[in-house]
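Engineer: If you scroll down you'll find the structure; I have some questions about it.
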Amino acid sequence: MKVLHEKVDGIYGYRRMTLNINRKLGQNFNHKRIYRLMKVAGIQSVIRKKKKSYKRSTPQHVAENILNREFTAEKPNEKWVTDVTELKYGSSKKAYLSAILDLYDGSIVSYVLGHSNNNHLVFKTLDQATTLLKGEHPLIHSDRGFQYTSHGFKRRIDQAGMTQSMSRVGRCIDNGPMDVYCKIKMQSFAENLAYANFTWSGGRDSLVRRSQPLILLAFWLFNHAHRGFMSSCNSLHFSLQNSVFFLC
């Protein structure tokens with residue numbers, strides 16, 4: 001039984017173990033007997049991690065879709081859109097990038113990178129953006145994520161004298177410019193270039209710390225390429241081991 005368990009890398013439970021032992025030995029052992037023997041021998045099948053079940057939460061604050069898919073602005077800091085993008089790196093690691101985009105020229109006003117998709121990530125992004133305002137009171141549009149419907153986010157918007165707008169339920173196109181910019185362009189760039197041959201080492205914090213230059217570089221490149229600042233850039237050279245980058 002132990003030999004078979006090691007041979008299949010521990011993926012057999014007592015039911016499959018019973019079938020294979022009976023087939024190999026030509027016997028008809030009861031599955032309960034095999035279960036007891038596996039328990040005595042300390043043999044247990046590898047169990048996949050169960051996905052957490054999340055309860056749908058009630059939004060603390062909901063705003064109307066004031067932006068109404070009018071994705072053009074006549075001046076800077078008139079209309080902002082924001083979202084959080086998930087980035088996968090290494091074998092099973094995730095990072096989260098929160099960003100605010102100005103619809104006037106498609107530039108990124110502020111962005112924050114973290115390893116948890118929480119309120120602090122979004123609040124910090126908004127705080128960085130509002131410090132750049134010089135008397136402007138932009139409209140800020142987002143989806144109905146739990147961070148954007150929280151009282152804390154609403155308080156920050158009110159303090160800055162801004163107007164809040166939210167996408168309708170199930171209408172991701174209401175926040176189309178941010179979805180296209182972050183979730184397609186920047187994420188595909190980061191996955192194809194930054195993480196292709198990276199060798200990870202160390203604990204969780206060091207992984208995030210070492211990956212941050214790569215993600216920020218990808219984000220910087222797409223931000224400036226979108227604004228036409230990289231038309232003369234012919235190639236990109238980077239050292240993944242030392243996180244050193246050279247643009248030419």
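Engineer: Among the residues of segment 138-162, which ones are closer than 21 Å to residue 73 by Cα and either assigned to a loop (DSSP other than H, G, I, E, B) or among the basic types (Lys, Arg) (or both)?
Structural biologist: 138, 143, 160, 161, 162
Engineer: Sticking with this one: Any residue that is part of a strand (DSSP E or B) and either surrounded by fewer than 17 Cβ atoms within 10 Å (Cβ to Cβ) or in contact with a helix residue (DSSP H, G or I) (Cβ under 9 Å, 6 or more places away or on another chain) (or both) - is there at least one of those in segment 119-137?
Structural biologist: No; the residues of segment 119-137 include none that is part of a strand (DSSP E or B) and either surrounded by fewer than 17 Cβ atoms within 10 Å (Cβ to Cβ) or in contact with a helix residue (DSSP H, G or I) (Cβ under 9 Å, 6 or more places away or on another chain) (or both).
Engineer: Do you know which residues across segment 105-140 are acidic (Asp, Glu) and free of Cβ contacts under 8 Å to residues at least 12 places away in the same chain?
Structural biologist: If the condition is that a residue be acidic (Asp, Glu) and free of Cβ contacts under 8 Å to residues at least 12 places away in the same chain, then no residue fits.
Engineer: Quick one: which residue in 58, 72 is modelled with pLDDT under 90 and either in contact with a Cys (Cβ under 9 Å, 6 or more places away or on another chain) or in a loop (DSSP other than H, G, I, E, B) (or both)?
Structural biologist: Only one candidate passes the filter, namely 58.
Engineer: Check whether at least one residue in segment 22-36 is in contact (Cβ under 8 Å) with a residue 40 or more places away in the chain and either in contact with a helix residue (DSSP H, G or I) (Cβ under 6 Å, 6 or more places away or on another chain) or exposed (fewer than 15 other Cβ atoms within 10 Å of the Cβ) (or both), and report yes or no.
Structural biologist: The answer is no, given that none of the residues of segment 22-36 is in contact (Cβ under 8 Å) with a residue 40 or more places away in the chain and either in contact with a helix residue (DSSP H, G or I) (Cβ under 6 Å, 6 or more places away or on another chain) or exposed (fewer than 15 other Cβ atoms within 10 Å of the Cβ) (or both).
Every residue, every condition in (1) in contact with a Lys or Arg (Cβ under 8 Å, 6 or more places away or on another chain); (2) modelled with pLDDT of 55 or more, yes or no:
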site: 122; (1), (2): no, yes
site: 131; (1), (2): no, yes
site: 139; (1), (2): yes, yes
site: 146; (1), (2): no, yes
site: 154; (1), (2): no, yes
site: 163; (1), (2): no, yes
site: 167; (1), (2): yes, yes
site: 182; (1), (2): no, yes
site: 203; (1), (2): no, no
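Engineer: Evaluate segment 22-43: report whether one residue or more is under 27 Å from the mean Cα position of the chain (by Cα) and modelled with pLDDT under 90.
Structural biologist: No, the conditions are met nowhere in segment 22-43.
Engineer: May I ask you to list the residues in segment 154-181 that are open to solvent by 10 Å² or more (accessible area, probe 1.4 Å) and acidic (Asp, Glu)?
Structural biologist: 158, 179
Engineer: Given the residues 43, 11, which is the only one that is open to solvent by 80 Å² or more (accessible area, probe 1.4 Å) and of a type in the set (A, V, I, L, M, F, W, C)?
Structural biologist: 11
Engineer: Taking segment 138-153 as the region of interest, how many residues are open to solvent by 60 Å² or more (accessible area, probe 1.4 Å) and within 24 Å of residue 69 (Cα to Cα)?
Structural biologist: Going through segment 138-153 one residue at a time, the tally reaches 2.
The values are calculated or read from the model by the stated rules, or taken from the named source; none is laboratory data. These numbers come from a predicted model, not from an experiment. Glycine gets a Cβ as well: all are built from the backbone with ideal geometry, and neighbour counts include every protein chain shown. We work out accessible area using only protein heavy atoms, side chains counted, and drop any ligands, DNA or RNA first. Shrake-Rupley method; radii C 1.70, N 1.55, O 1.52, S 1.80 Å.
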